[in-house]
Amino acid sequence: MNKIADPECNTAILSLEDSRQDYELIRELLSDAGYKLDIDLAMDESDYLRLLRSREYDIILADFKLPAYDAFEALREASTICPHTPFICFSGSIGEEAAIELIKKGAVDYVLKDRPERLPLAIERALKEAEEKMARRKAVTAQHNSEERLRTLINATPDLICFKDGQGKWQEANS
């Protein structure tokens, strides 16, 4: 479900941010963009890890550089604890090379704090991509389960059931 399209749906956000002012900017930007927010603030590594382990989030927003912690470490932890949750770096101090490296390691986007108007659009895109990936994972699982049921049924049948390819070569048969 698209979190921005459904006014009844809260968007659960984990914000890793050491500036209360920047956190308030995030809240204001997203509220103005129409998000119904359920946002938690982590100001350091211990808060971040505690919150990551305590609930599920729709998206993670992380400042690039915090005292004794950075977005690379935060992304690594998120990839382990909640690998399907989109991660966006929202920072004023990230260079292009670091941003590219974050994307290579699994972040879905980065937004510079001097262009905050990009944040709602980046979140919307990330949420849509996450929904599409979840739908694909569910479809693959459903297909696998269907194939297993068919294989079980075929192997339980006392009659011969066999499959040939387009050239007439035997591909598979039940026992």
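Amide H to amide H, which residues 5 or more places from residue 33 or on other chains are under 5 Å from it, using H placed in the peptide plane?
HN-HN under 5 Å from residue 33: empty list.
Given a 1.4 Å probe, how much area per residue of the range 131-175 is accessible, in Å²?
Per-residue accessible area for the range 131-175 comes out at 89 Å².
Given Cα positions, please report Rg to Rh for the chain, the hydrodynamic radius being the Kirkwood one.
My calculation of the ratio gives 1.20.
Rounded to a whole number, what % of the accessible area of the range 100-165 do carbon and sulfur atoms account for, probe 1.4 Å?
57
Compute, for the chain, the length of the dipole vector about the Cα centre, with Cβ point charges of +1 (Lys, Arg) and -1 (Asp, Glu) only. Units Debye, rounded to 20.
Approximately 840 debye in magnitude.
Which value, in debye to the nearest 20, gives the size of the charge dipole of the range 113-155 about its Cα centre, when Lys and Arg are +1 and Asp and Glu are -1 at the Cβ?
Dipole magnitude for the range 113-155 comes out near 60 debye.
Under a 1.4 Å probe, what is the accessible area of the range 46-122 per residue, stated in Å²?
I get 51 Å² per residue for the range 46-122.
Sequence-distant or interchain residues sharing an amide H contact under 5 Å with residue 11, placed H: which?
36, 37, 38
Using θ = phi - 60° and the Karplus form 6.51 cos²θ - 1.76 cosθ + 1.60, what ³J(HN,Hα) does each residue of the range 26-41 get, whole Hz, x for Gly and Pro?
For the range 26-41, the Karplus-derived couplings read 4, 4, 5, 4, 6, 5, 5, 7, x, 6, 8, 8, 9, 10, 10, 9 Hz, x marking Gly and Pro.
Using modelled backbone amide H atoms (1.01 Å from N, in-plane), which distant-in-sequence or interchain residues come within less than 5 Å of residue 16's amide H?
Counting only residues 5 or more places away or on other chains, the set is 42, 61, 62, 63.
Taking 7 Å along the Cα-to-C-beta vector as the label spot, tell me the residue 36-residue 53 distance in nanometres, rounded to one decimal.
The answer from the label model is 3.2 nm.
Across the range 130-141, in residue order, what do the Karplus-derived ³J(HN,Hα) couplings come to in whole Hz, using 6.51 cos²θ - 1.76 cosθ + 1.60 with θ = phi - 60° and x for Gly and Pro?
Computed from phi, the couplings for the range 130-141 are 5, 5, 5, 5, 4, 4, 5, 4, 5, 5, 5, 5 Hz.
How many percent of DSSP beta bridges within the chain run antiparallel, rounded to 5?
Counting only bridges with both partners in the chain, antiparallel ones make up about 20 percent.
The values are calculated or read from the model by the stated rules, or taken from the named source; none is laboratory data. Computed from a prediction, not measured in an experiment: that's the story for all the values here. Cβ atoms come from the backbone with ideal geometry, glycine included; neighbour counts cover every protein chain shown. With ligands, DNA and RNA removed, areas are computed over all heavy atoms of the protein, side chains included. Shrake-Rupley method; radii C 1.70, N 1.55, O 1.52, S 1.80 Å.
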